[in-house]
Each structure stands twice: as C-alpha cells, then as structure tokens.
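To start, the structure under review is shown below, and the notes come after it.
Read-outs throughout are calculated quantities, based only on the coordinates presented, and are distinct from any laboratory measurement. Just so you know, these numbers come straight off a predicted model, no measurement behind them. Every residue, glycine among them, receives a Cβ derived from its backbone with ideal geometry; neighbour counts consider all protein chains shown.
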Amino acid sequence: MYNMVEINFIINGSKMTKRIKPSTLLVDFIRDDLKLKGTKVGCMEGECGACTIIIDGTAINSCMYLAININGKNVTTIEGLGTVEKPLDLVQEKMIAHGAIQCGFCTSGVVMTTKAFSEKCKNEDKIPTRDEVKKSLEGHLCRCTGYIKIIDAAEAVYKKQ
Ligand code: FES
Ligand code: FES
C-alpha cells in the first residue's frame, strides 16, 4: 500500500491541491487524474516529444517526470494555450497557417516546445536562426509532415513576436 502525498501546484493558471501515489508519472497524472487529454502518450521513453508540457517556463517530457515533482511549480499544458473556447496562441495560429498539422498526434508537444522556446527568445530579445529552430525541435518525432512546415511555422512565430 502506497502512502499518498499531497502536492500543490498551478495548472493552466489555476491553483490546485491533489493527493497522489509518489510513483505516479506526470503524463498519467495529467491525462488520467486531471483529464487533460491534449497531452499525448507516444514512446514513454523520452524520445518522441508527444508528451511535452511546460514547467516553470521549461518544456519537459512528462513521461520522464514524476508528478510529485510539480509540487510548488507552475505547469502549462496545451489546454492552457488556445482552445475552442478561447483565442488561439500565436504558436497555434502559425501551425495552422503553415499547414503544419496532419494527424495531430505530435502537435501539442511541438506547440509546447515552440511556446517555451519563443518565450525564452522574447526575453532575450532574439530571433533564432533556422538551424537554432531546427535544434529546438529535435526532440520531436512527426510521422506525417516531413518537418519542413513545422519548422516554417515555428520560424514565423519568432519573426512575428
Ligand atoms: S511519450 Fe514522452 S517522449 Fe514519447
Ligand atoms: S502531424 Fe502526425 S505525427 Fe506529426
């Protein structure tokens, strides 16, 4: 029998307290406990990027992270950006405008990585080179698009912001 532990965190702008098993993976916590299904499960080995979310401004693979480690942190999932109920984020707009989405399985992870990197670049007042954009996305696998449209969309974000 596990001892349950209490964690306090902010998720998509809302404060929350939950009791969890210490061994709970963050991706399972997000999808199964919080019912935020926009974060996808792919490899479960930190290789595909489908499960990417943002913690305190940094994009991480939530399949490689225990939920207990979000205690005291600020977590953003794809539902914290634009949804059908609220305006799209610039990253989402550019992904659509550049036709960078096909089946969509990789998309929320790509968007979260691009969002985190775009905030970093904005804070540093920098527009990354195309090579830097490619490097920022190298942790993401996409079986559909051939990547060019994803890179084009990300570049358009950095040029617009
Ligand atoms: S499911 Fe987490 S990196 Fe693939
Ligand atoms: S759009 Fe299908 S995996 Fe990327």
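So what are the stretch 122-161's ellipsoid semi-axes, whole angstrom, largest first, if each one is the square root of 5 times an eigenvalue of the alpha-carbon gyration tensor? Show your work: numbers first, answer last.
On the way: eigenvalues 81, 23, 11 Å².
Calculated on Cα positions only, the semi-axes equal 20, 11, 7 Å.
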If the reach is capped at under 28 angstrom between alpha carbons, list the lysines near LYS122, excluding any in the same chain fewer than eight residues apart. LYS15, LYS40, LYS73, LYS86, LYS94, LYS134, LYS135, LYS149, LYS159, LYS160
Suppose we keep just the alpha-carbon trace of the stretch 35-156; what are its Rg and Dmax in angstrom? 13.6, 38
Taking Cα centroids, how far is the stretch 1-33 from the stretch 137-161 in Å? 31
At 222 nm, what helix-only mean residue ellipticity would the chain give, in deg cm²/dmol to the nearest 500, using -39500 (n - 2.57) for each DSSP H run of four or more? -8500 deg cm²/dmol
Quick check: residue separation of ARG143 and ASN74 times 0.36 nm, minus the Cα distance between them. What number comes out in nm? 21.8 nm
Give me the number: length gained by fully extending ILE96 to ILE10, i.e. 0.36 nm times residue separation minus the C-alpha to C-alpha distance, one decimal in nm. 28.1 nm
Local electrostatic count at LEU25 - Lys and Arg +1, Asp and Glu -1, tallied over other residues with Cβ under 13 Å: -2
Binned at 5 Å from 0, what are the whole-percent values of the Cα-Cα distance distribution for the stretch 90-160, short to long? 3, 19, 34, 26, 12, 4, 1
Can you give the three extents of the C-alpha atoms in the stretch 5-80 along their principal axes, from longest to shortest, in whole Å? 29, 24, 20
I'd like the Karplus ³J(HN,Hα) series for the stretch 35-47: coefficients 6.51, -1.76, 1.60, θ = phi - 60°, whole numbers in Hz, and an x wherever there's a Gly or Pro. 6, 9, 8, x, 7, 9, 10, x, 6, 6, 10, x, 10
Output the antiparallel fraction of DSSP beta bridges having both residues in the stretch 1-116, as a percent to the nearest 5. 90
Residue-wise, which Karplus ³J(HN,Hα) couplings in Hz belong to the stretch 149-161, taking 6.51 cos²θ - 1.76 cosθ + 1.60, θ = phi - 60°, and x for glycine or proline? 5, 5, 5, 4, 5, 5, 4, 5, 5, 5, 6, 7, 6
Please list, ordered by chain and number, the residues whose modelled amide H lies under 5 Å from the amide H of ILE11; skip anything fewer than 5 residues away on the same chain. MET16, VAL75
Please report the spacing between the Cα centers of the stretch 42-66 and the stretch 72-103 in Å, no decimals. 16
Phi to ³J(HN,Hα) by Karplus 6.51 cos²θ - 1.76 cosθ + 1.60 over the stretch 65-79, Hz, x for Gly, Pro: 9, 7, 4, 4, 7, 8, 4, x, 10, 10, 10, 10, 10, 4, 5
Give me the one-decimal nm value for the distance between modelled label points at ASP131 and LEU88, 7 Å along each residue's Cα-to-Cβ direction. 3.1
Multiply the residue gap between ASP32 and LYS120 by 0.36 nm, knock off their C-alpha separation, and tell me the result in nm, one decimal place. 28.7 nm
